[in-house]
Amino acid sequence: MNKIKLRAPASSANVGPGYDIFAMALQMPYDEIEIELNDSNKITIEIINDTQNIPTDINDNTAGLAALALVKKFNIKQGIHIRIIKNMKSGGGMGTTGASAAGCIFGLNELLGLKLSDNEIIDLARMGEVASGGSPHADNVAAALLGGFVLVKSYNPIDVLKLDLPDFPIALAAIRKSQRTTRGFITYEIGQEKLKEQMARCSRVIHAIHTKDIVEFGKAVSVDYIAEPVRSAAIPEYNFVKENVLKVGAYGCNVSGGGSSVFALCNENNIDEIAGIMEKAFAENPHFVKVYKTKTSNKGVEKI
């Protein structure tokens, strides 16, 4: 086999209080990735449906950097062509870069018969995230690869745990960032009381997953003292949206990953109303894309 086609899902990272350690996969949107081996001895990248000027230089593309890390580690001499078919907008905190990197390493592992473990795939794939966020964080690539809810138990060495999620309805307002990343503006000096509350909320998230309690899960993910204050400040109407979706029955609401997208945890009966609030409030934002009415998913990268 010298060619493979994959589907890699969007994901929402941090999931409230779990900065760089929590993420959850979504049923939609998703990108498709085709990888083909050749005799060129080069890594090349092609983007289909690209209206976003996504770089195709391997040193600036998440899939390219991930592939380069794998090639160097295993001294691969094979030429590799990566084709990414975009169905979701990048640069919006939906894990699109993580999906590309995870799909790329998953596919190369299959084609080259490397027999890598999930943690080894994640460790290589996360190197691609340097291209987009400047940091090799593992949460999005892990959720894209494994599906479900992922918990990064350790960064040194990488050790990721997947927990299966019920099908929680999610309204995801996709909004592209007005700047590349806000990571450099985040302060970790949040004080003792907020630090304890942040840790307590992380515990509540895990407990809610084990008990399949969507109400508890929503309450737990709605609080974040680390990333939300910085990232929400760059999202016009964020506070209005959060207040009003919670008022009409959303279980929880927060910034999705690095922003500027926003997710709300809903039920089947109120997701249309919540999506409508988001659409109306964000309509004037020039970076607003659309509201996806989706669900959490226990499926990660899949071969098509």
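The values are calculated or read from the model by the stated rules, or taken from the named source; none is laboratory data. Predicted, not measured: the structure shown is a model, and the values here were computed from it. Glycine gets a Cβ as well: all are built from the backbone with ideal geometry, and neighbour counts include every protein chain shown.
General remarks:
- Those strands (runs of 3 or more DSSP E) lying entirely in segment 1-98 with at least 2 residues within 15 Å of the chain's Cα centre (by Cα): 3-13, 22-38
So that you can scan it fast, the table gives a plain yes or no per residue for (1) more than 27 Å from residue 139 (Cβ to Cβ); (2) of a type in the set (Phe, Trp, Tyr); (3) surrounded by 23 or more Cβ atoms within 10 Å (Cβ to Cβ):
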residue: 244; (1), (2), (3): yes, no, no
residue: 249; (1), (2), (3): yes, no, no
residue: 260; (1), (2), (3): no, no, yes
residue: 266; (1), (2), (3): no, no, yes
residue: 276; (1), (2), (3): yes, no, no
residue: 279; (1), (2), (3): yes, no, no
residue: 288; (1), (2), (3): no, yes, no
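- The listed residue being within 19 Å of residue 49 (Cβ to Cβ), modelled with pLDDT under 95 and crowded, with 24+ Cβ neighbours inside 10 Å, out of 61, 87: 61
- Index of the failed condition, residue 19 passing every other in (1) under 17 Å from residue 263 (Cβ atoms); (2) among the hydroxyl-bearing types (Ser, Thr, Tyr); (3) at pLDDT 95 or above: (3)
- Only one of the numbered conditions (1) surrounded by fewer than 18 Cβ atoms within 10 Å (Cβ to Cβ); (2) in the same structural domain as residue 20 (by TED's automatic domain parsing); (3) modelled with pLDDT of 95 or more is not met by residue 160, and that is (1).
- The combined condition, being closer than 17 Å to residue 55 by Cβ, of a type in the set (D, E, K, R) and either outside any loop (DSSP other than H, G, I, E, B) or outside the structural domain of residue 7 (by TED's automatic domain parsing) (or both), is not fulfilled by residue 110.
- Test: residue in segment 116-124 that is assigned to a loop (DSSP other than H, G, I, E, B) and at positive phi: no
- Residue 232 falls short of the stated requirement of being small (Gly, Ala, Ser) and either surrounded by 24 or more Cβ atoms within 10 Å (Cβ to Cβ) or touching a Lys or Arg at 6+ places or on another chain (Cβ under 7 Å) (or both).
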